[in-house]
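The values are calculated or read from the model by the stated rules, or taken from the named source; none is laboratory data. Not measured: the values here are computed from a predicted model. Note that each Cβ is placed from the backbone with ideal geometry, even for glycine, and that neighbours are counted across all protein chains shown. Note: accessible area is taken over every heavy atom of the protein model, side chains too, but ligands, DNA and RNA are not part of it. Shrake-Rupley method; radii C 1.70, N 1.55, O 1.52, S 1.80 Å.
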Amino acid sequence: MKVILLKELKGKGGEGDVIDVAPGFANNYLLTQGYAILATKGNLKQLEARKHNIAKREEKRVAEAEALKAKLDALTIVVDAQVGDEGQLFGSVTNTQIAEALKAQAEVEMDRRRIEIGSPIKTAGIHEVTVGLYRTIKANLKVAVGVEPEAEVAEEAAEAVEAVEATEE
């Protein structure tokens, strides 16, 4: 069954894409949740008329994601955790903790599901995590766990944030 996507659907396509899906998936999920409409002749003509607006929105989203990527790449977030004698954590750092620290320290609201931790963070130190921003745009965020960052690292992070914010304005 052919449908036109109205919103981005991970793994299927973006707004305005015409995709072929199983009838059950289309009827039970995509159409009822407002993710898609049927690909009829009339709807395809309307899609052609809206292509320019969709392209402008896509450019805006990509530009915003690139700006946020620059900000996050230069940032080091500190996550407090209890550390044992040999640098081992009691538990592990979760993507929820990283999202909360990102919001508190850099005032960036990020969905926890977009933060990808390769292997569980169970040791103190500086670790790197990947943050999926938009489609293929991903940022690398440094996370300092269980250690008080040196004044230099905190200063560098603050300067980087200020520099990025200055370029945005």
Would you mind stating whether residue 66 is under 30 Å from residue 125 (Cα atoms), out of contact with any Pro (no Cβ under 8 Å at 6 or more places or on another chain) and either of a type in the set (A, V, I, L, M) or assigned to a helix (DSSP H, G or I) (or both)?
yes
Per the filter on the stretch 90-113, residues touching a helix residue (DSSP H, G or I) at 6+ places or on another chain (Cβ under 6 Å) and either open to solvent by less than 80 Å² (accessible area, probe 1.4 Å) or more than 20 Å from residue 141 (Cα to Cα) (or both) are 95, 96, 99, 108, 110
Just a yes or no: is a residue in the stretch 17-30 closer than 17 Å to residue 136 by Cβ and open to solvent by less than 80 Å² (accessible area, probe 1.4 Å)?
yes
Please state which of the following conditions residue 87 fails to meet, knowing it meets all the rest: (1) farther than 16 Å from residue 143 by Cβ; (2) modelled with pLDDT under 90.
(1)
Please pick out the residue among 65, 36, 81, 74 that is modelled with pLDDT under 90, surrounded by 16 or more Cβ atoms within 10 Å (Cβ to Cβ) and under 26 Å from the mean Cα position of the chain (by Cα).
81
For the stretch 80-128, give me each residue that is of a type in the set (A, V, I, L, M, F, W, C), in contact (Cβ under 8 Å) with a residue 24 or more places away in the chain and part of a helix (DSSP H, G or I).
98, 101, 102, 106
Looking at residue 142, is it touching an Asp or Glu at 6+ places or on another chain (Cβ under 6 Å), in a strand (DSSP E or B) and at pLDDT 90 or above?
yes
Given the conditions (1) in contact with a strand residue (DSSP E or B) (Cβ under 9 Å, 6 or more places away or on another chain); (2) within 23 Å of residue 135 (Cα to Cα); (3) free of Cβ contacts under 8 Å to residues at least 40 places away in the same chain, and given that residue 11 satisfies all but one, which numbered condition is not satisfied?
(1)
Mind checking which residues of the stretch 1-54 are part of a helix (DSSP H, G or I), aliphatic (A, V, I, L, M) and farther than 24 Å from residue 114 by Cβ?
26, 44, 47, 49
